[in-house]
């Protein structure tokens, strides 16, 4: 079952304008090999927006509002926010927002570095213990492999994972693959919903001089080992 946060309701003009503006700016045209191994003719990179003061503020507000929604509506139980640091393998993503988000959300925080083999180097920030329940934050989800690797580091420290919140779900299997591991994926908006907008389609066509091919076919893959997830 999908548990997406529909904060960017395209039926509400104010939300739609902000979200579609972010999406059309972050989607870039390129023949690209995704982290999951499949090819794509577009990639999503919010690093293009970090230098833009207004769009950075909009992204920050979207995440803060979504985190508060998860807590206020008692959807999941968490006391720690985890930001994935991809290192040299991809964009900065949400790790560049961690100080700003921490200043608005009264939670412990950690930075998760999935590629670090030494455990003390893989988790930075607050010290984790068995009572901690981590909500992982990321900019994008494709197959869910990166989120799952970050979850494994949390498990290695003895803590639990409450779920993951992403700005953009490419709807290419992350939700299904993570659900099979007991991890709920929450997304602020998805590729499928964004591409239903004529505004986005026309903007991308004008910018890139070609139609971006949409691909919403989930890639169901085995993410590997199991982790201990937080249960309400």
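Read-outs: derived from the displayed coordinates by stated rules, not from any lab. Keep in mind that what you see is a predicted model, and the values were worked out from it rather than measured. Quick reminder, even Gly has a Cβ in these numbers, built from the backbone with ideal geometry, and neighbours come from all protein chains shown.
A few remarks follow.
- Packing rank of 68-74, 158-164, where each peptide gets the mean count of other beta carbons within 10 Å, highest leading: 158-164, 68-74
- Counting all C-alpha pairs of the stretch 13-208, share separated by more than 30 Å (%): 17
- Of every Cα-Cα pair in the stretch 84-150, the percent that sits beyond 16 Å: 48
- Neighbour-count order for 221, 67, 22, fewest beta carbons within 10 angstrom listed first: 221, 67, 22
- Taking packing as the residue-averaged number of other Cβ atoms within 10 angstrom, the listed peptides 175-183, 79-87 run from highest to lowest as 79-87, 175-183.
- Taking packing as the residue-averaged number of other Cβ atoms within 10 angstrom, the listed peptides 130-136, 111-117 run from highest to lowest as 130-136, 111-117.
- Computed over the stretch 13-208: relative contact order in percent, which uses C-alpha pairs under 8 Å that are six or more apart: 18
- Cα principal axis extents for the stretch 67-113, largest first, Å: 36, 19, 15
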